[in-house]
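What follows is a single structure, written as structure tokens, with notes after it.
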Amino acid sequence: MFEVLTGAGLAVAAGLNAYIPLLILGLAGRFLDFVDLPAQWQWLSNPWVLVILGVLLVIEVVADKIPVVDSVNDWIQLFVRPVAGGIAFGTGSSSGTAVVQDPAQFFTSNAWVPIAVGILLALATHIGKAVSRPVANVASAGTAAPVVSTAEDVGAVVLSILAILLPVLVLFALAGVIVSFVLLFRRFRRGRPKDLEPLVR
């Protein structure tokens, strides 16, 4: 049960920011004795992988805080975040991702299930983020971008840490993410400037 919560928390965090959960997983696997990454995901703790993830994270953090650029970035991340979510869920739910020696047995052994679940969770979170962000940008004339992006980054960090250290709290964190998206979308949709509304009704 805890493995599923850990995987779910990491996958949703990947939907907010692809690199935060992977970087936290890699750092935890490298420096924390009580975190033992599954054999097939040990590469996450490789120093070169950590450096690459760190560089990509910096690029993502900057790009996601600039209006218009953040929407372009969301289109690019449409493929990256679900993949990161699959990796994160697969790593977090280690009991469900046993090593498959024969590639032909990958699907018959159900080893793909945690990865598929992670992809779907990250994709759903990404879609919620990608849909709500343009609404917030238009309603606030772009001033909301850095604030919302920072909140998403903080949420991804908190979710990732909770998923590893206190997975039982992930349910509450996930509920908070969902409620935040809904409230954000409704608030900025109601606050849309009148001059941006269609002239012809």
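Laboratory data are not the source of any read-out in this text; all were calculated from the coordinates shown. Since this is a predicted model, take the numbers as computed values, not measurements. Cβ coordinates were reconstructed from backbone atoms using ideal geometry, including for glycine residues, and neighbour counts include every protein chain displayed.
Starting with the highest mean, order 47-59, 159-171 by the number of other Cβ atoms within 10 Å, averaged over the residues of each peptide. Show your work: numbers first, answer last.
On the way: 47-59: 13.5, 159-171: 20.0.
In decreasing order of mean packing, 47-59, 159-171 become 159-171, 47-59.
Could you give the length gained by full extension between F31 and W75, i.e. 0.36 nm per residue of separation minus their alpha carbon distance, to one decimal place?
Values: separation 44, 0.36 × 44 = 15.84 nm, distance 3.38 nm.
Full extension from F31 to W75 adds 12.5 nm.
Here the peptides 26-34, 128-136, 70-78 are ranked by packing, the mean other Cβ count within 10 Å, and the order with the highest first is 128-136, 70-78, 26-34.
Given 0.36 nm per residue, what is the gain on full extension from V58 to F172 after removing their alpha carbon distance, in nm? Each step should come with its number before you reach the end.
Details: separation 114, 0.36 × 114 = 41.04 nm, distance 2.80 nm.
Result: 38.2 nm gained on full extension.
Taking label points 7 Å from Cα along the Cα-to-Cβ direction, V51 and A151 give a separation of 3.7 nm. In sequence order, the stretch 34-45 has phi-based couplings of 7, 9, 10, 5, x, 3, 6, 10, 4, 4, 4, 8 Hz under the Karplus curve 6.51 cos²θ - 1.76 cosθ + 1.60, θ = phi - 60°, and Gly or Pro positions carry x.
For V182 and V68, the difference between the fully extended length at 0.36 nm per residue and the C-alpha to C-alpha distance is 38.9 nm.
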